[in-house]
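The values are calculated or read from the model by the stated rules, or taken from the named source; none is laboratory data. Everything numeric here is computed off the predicted structure, so don't read it as measured data. Virtual Cβ from ideal backbone geometry, glycine too; neighbours counted across all protein chains shown.
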Amino acid sequence: MKNISIIGTVGVPASYGGFETLAENLIKYHNAASLPYLLTVYCSSRSYPSRAQSYLSAKLKYVPLNANGVQSIPYDFVSLFSAARGGSDVILLLGVSGAIALPFVRLFSSARIITNIDGIEWRREKWQGVAKHFLRFSEKMAVRFSHEVIADNAAIAAYVHDTYDVSAHVIAYGGDHAMDVEAVPVDEYVLPAKYAFSVCRIEPENNVHMAVEAFAEHAVESLVMVGNWNNSEYGRALRKKYSLYENLYLLDPIYDLGKLKTLRSGAWCYVHGHSAGGTNPSLVEAMHFGRPVLAFDCDFNRSTTENKALFFEDADSLIKLVEGLDGAMIQQVGYAMSEIAVRRYTWRVVAEEYFNLLN
């Protein structure tokens, strides 16, 4: 029986994060389909103090390091060497943090290594100096020493081909788990009857400043935005500047999918400002709700939405989109988003593609 190890996540069951949600849904598919593989997922013992030995049909192994931040590098190292020594036939590496270990792993292991390189991580604004150079080198090692490379977006695959002359498999993320939960009332907030919605990490590359500026200037429409405002000077400054606008609802992070379902279901449109990272999980989740998507104009978002979303480049163009949307356009774009989501971004489709490649 083929032994498959999944490395690079905080662990399962998932509490938050795209790779964690991916790993959990691969396990659920593996379990439901009774696939004939031994599945092992590496987890951070710092995040799972109870250390369950299994989750559904997957065996869990624990590494006594944090899976994020600087420790993500030794965390992936330890996981990779453990999986190789443990006789893994296939290693699915999620992310490139530990990819500089791959040449050494391949010296003594015959495991087939498949790496999802995530977005073009080194291009993110939050990485500077040594960290940026390290991530770029890690990406190069991941592409060079993996047997197969996964990109979650066609634009990422094009970048891999143009940069490294390697063909990547394009496999996106599922978003239907956002629909498959009971809606939970968001009683802690008094929200308007009509609002646009957005949820993201509050970072410059997600163009949060554009969204709040646009709706502040166009006070006729309300914006409800959920994010980690207090985690950076950027977020704190924006919240302080725009907190007095009555049509802006800048909410703290909400991880409960039931509450997010309530907020997404009640919105008339979804604003997506991400400019990096490939196929963003928050976008494919939102597309399942059949609301028009107003997305920042970049290759990643155009690829994800098949050019059928409405695109903005700055606060002024976002205002014009909001002002120009009528009932017919709302229905037309919302339907297009839902059709694409059901066709491309369900976990059944994604998991089938992953296990076909893993096999």
Any strands (runs of 3 or more DSSP E) falling wholly within the range 103-207 and containing at least 1 residues that are farther than 30 Å from Val90 by Cβ and among the hydroxyl-bearing types (Ser, Thr, Tyr): 196-199
Every residue from the range 73-101 that is over 15 Å from Ala142 (Cα atoms) and in a helix (DSSP H, G or I): Pro74, Tyr75, Val78, Ser79, Phe81, Ser82, Ala83, Ala84, Arg85
Subset tally (residues that are over 26 Å from the mean Cα position of the chain (by Cα) and either surrounded by fewer than 16 Cβ atoms within 10 Å (Cβ to Cβ) or not assigned by TED's automatic domain parsing to the domain that holds Val186 (or both)) for the range 214-246: 8
Out of Ala101, Ala155, sole residue that is buried (at least 20 other Cβ atoms within 10 Å of the Cβ), touching a residue at least 40 places away in the same chain (Cβ under 8 Å) and not assigned by TED's automatic domain parsing to the domain that holds Glu306: Ala155
Checking Lys28 against (1) assigned to a helix (DSSP H, G or I); (2) surrounded by fewer than 18 Cβ atoms within 10 Å (Cβ to Cβ), the condition it does not meet: (2)
Hey, Val149 at pLDDT 95 or above, outside the structural domain of Gly277 (by TED's automatic domain parsing) and not small (Gly, Ala, Ser) or not: yes
Filtered residues of the range 293-311 (kept if crowded, with 24+ Cβ neighbours inside 10 Å and either assigned by TED's automatic domain parsing to the domain that holds Val160 or more than 19 Å from the chain's Cα centre (by Cα) (or both)): none
Filter result for the condition that a residue is in contact (Cβ under 8 Å) with a residue 60 or more places away in the chain and over 29 Å from His177 (Cβ atoms), over Glu233, Glu217: Glu217
Candidates Tyr16, Tyr42, filtered to the one that is of a type in the set (Phe, Trp, Tyr), modelled with pLDDT of 95 or more and within 24 Å of Val350 (Cβ to Cβ): Tyr42
Check on Thr115, hydroxyl-bearing (Ser, Thr, Tyr) and either under 24 Å from Ala351 (Cα atoms) or under 22 Å from the mean Cα position of the chain (by Cα) (or both): yes
Count - residues of the range 247-278 that are touching a helix residue (DSSP H, G or I) at 6+ places or on another chain (Cβ under 7 Å) and among the β-branched types (Val, Ile, Thr): 2
Number of the condition not met by Tyr189 [criteria: (1) touching a strand residue (DSSP E or B) at 6+ places or on another chain (Cβ under 7 Å); (2) under 15 Å from Leu321 (Cβ atoms); (3) surrounded by fewer than 22 Cβ atoms within 10 Å (Cβ to Cβ)]: (2)
